[in-house]
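Rule-based calculations on the coordinates, nothing more; no lab input. Computed from a prediction, not measured in an experiment: that's the story for all the values here. A quick note on method: Cβ atoms are made from the backbone with ideal geometry, for glycine too, and the neighbour counts reach across all protein chains shown.
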Protein chains: 2
Amino acid sequence: MPRTEEVKQRLRDEQRAKILEAAKRVFARKGLTATMDDIAAEAVVSHGLAYHYWASKEAIVSELVTQALRSPAADLHPPLHTPGTPGERLKSLVRGFVESRRHPEFYLLLDQVLRSPDAPEELRTLVRQRSKQMQEGLRHLIVEGQATGEVAAGDPDQLVRAIFACGDGLLRWAHHDPDDFQEHFPDADIFLRILAPERTSIKEEME
Amino acid sequence: MPRTEEVKQRLRDEQRAKILEAAKRVFARKGLTATMDDIAAEAVVSHGLAYHYWASKEAIVSELVTQALRSPAADLHPPLHTPGTPGERLKSLVRGFVESRRHPEFYLLLDQVLRSPDAPEELRTLVRQRSKQMQEGLRHLIVEGQATGEVAAGDPDQLVRAIFACGDGLLRWAHHDPDDFQEHFPDADIFLRILAPERTSIKEEME
């Protein structure tokens, strides 16, 4: 009997995970207005079965957001606290930020939560806090990097906003033209140039 | 009588323009789901008067899109055909592209048209063509600028997409946090660094 229970539990977990994955794809495509029926259709399960595993669409959204905020890509701590100069840590942070957009489902969902008036307020607060933390972490490293000369001079808030605009623009593109997005996704180092200080040229040096 | 007709015509034109301006603000704020009532309220005219001047919301959208595509900021010809090196013309194109986002109402509307399933297909085709022309113009100058060494080497399609992602990200930010947007709008030259070639450093030169 315990054996059977174990098998049953594993099957339940698998079904739940399968429906969750389907929901992620549907939300990325249709936004949070997608219904439980859309999710069931995508997962190729019946409406009833979907509700058997998940009490509501809101429960699914909540689980997906929690997962997204727990994902390694959302974790700022490594780049902020690993060894290296501020410029080196900043590079790794921005590369991670850009590269994570190659698989945009989670971010599209977070974005939906932020934008949708139907999303539960507590989830929106969570996502907003996360975004604010990310901006603050980035700003911190930019200011340190400007002090070491590894980052372009100028208003750090503008630099933070420029990097965030790139991330947002990538998401938008991913949402509206996924094939073009996958084909021409820009190398992270292209965006890193936004932060690069001007190197002294020979000519200036000789003047 | 002709005098009176002239005055009447001027008043009609003014009312039409006033409602149009109000519609632009409402669409930027609420999206294309905004109703004729929303527009009338914003213009401080009655529902009936709004319909007297504009047959439908669709007629207003159509006029706004046509205006947007005719606006100087949407015109690619000057930077493509003015004198100067490819790099210089590219700079002026990208600066114009970024700077035009400081007043994002038109772009937010174009974007709404692209994204909204309710927008008339012919308008969407117009906006898409415009965006494609803009991408092609940009790509053309990037390739020429790479040949003269004024633009960073690398896949020109990725560079085009990176610049467009910035423009899109700026719009998104304008839409969702207009105050922060106006306060921290990044200088266009920050985004121009995306295209800047690496200058030869003293060290490399001496090796």
* Roughly how many debye, to the nearest 20, is the charge dipole of the stretch A:124-204 about its Cα centre, given +1 on each Lys and Arg Cβ, -1 on each Asp and Glu Cβ, and no other charges? -> 440
* Asked: Within the stretch A:1-33, which trypsin sites (Lys or Arg not before Pro) sit in a loop by DSSP and count at most 10 neighbouring Cβ atoms inside 10 Å?
  -> none
* Structure fact -> A student applying the Cα gyration tensor rule (rounded when a/c is under 1.5; otherwise prolate if a/b is larger than b/c, oblate if not) would label the stretch B:156-200 oblate
* If contacts are Cα pairs under 8 angstrom and at least 6 residues apart, what is the relative contact order of chain B in percent? -> 21
* Structure fact -> In terms of the charge dipole of the stretch A:25-135, which places +1 on Lys and Arg and -1 on Asp and Glu at the beta carbon, the residue among A:Gln135, A:Leu64, A:Tyr107 farthest towards the positive end is A:Gln135
* Structure fact -> With no solvent term and unit scatterers on the alpha-carbon positions of chain B, Debye gives log₁₀ I(q)/I(0) at q = 0.08 Å⁻¹ of -0.37
* Can you tell which of B:Ala55, B:Leu159, B:Phe97 lies farthest toward the positive end of the dipole of chain B, using +1 and -1 charges on the Cβ of basic and acidic side chains (Lys, Arg; Asp, Glu)? -> B:Ala55
* Angle between chain B longest axis and helix B:105-115 axis [Cα atoms, degrees, rounded to 10] -> 90
* At a Förster radius of 35 Å, what calculated FRET efficiency corresponds to the Cβ-Cβ distance of A:Ala147 and A:Glu99, to the nearest 0.05? -> 0.85
* Asked: Hey, with R₀ at 35 Å, roughly what FRET efficiency would A:Lys8 and A:Leu114 work out to, going by the Cβ-Cβ distance, to 0.05?
  -> 0.40
* Charge dipole (debye, nearest 20) of the protein assembly as shown; +1 at Cβ of Lys and Arg, -1 at Cβ of Asp and Glu -> 940
* To do: Working from Cα positions, state the angle (0 to 90°, nearest 10) between the long axis of helix A:86-100 and the longest principal axis of chain A.
  => 40
* Asked: Principal axis lengths of the protein assembly as shown from Cα atoms, whole Å, largest first?
  -> 98, 70, 32
* Structure fact -> Asserting the computed 222 nm helical MRE of chain A (DSSP H runs at least 4 long, -39500 (n - 2.57) per run, divided by residue count, to nearest 500) equals -23500 deg cm²/dmol
* For the stretch A:57-197, size of Cβ-based charge dipole, Lys and Arg +1, Asp and Glu -1, in debye -> 320
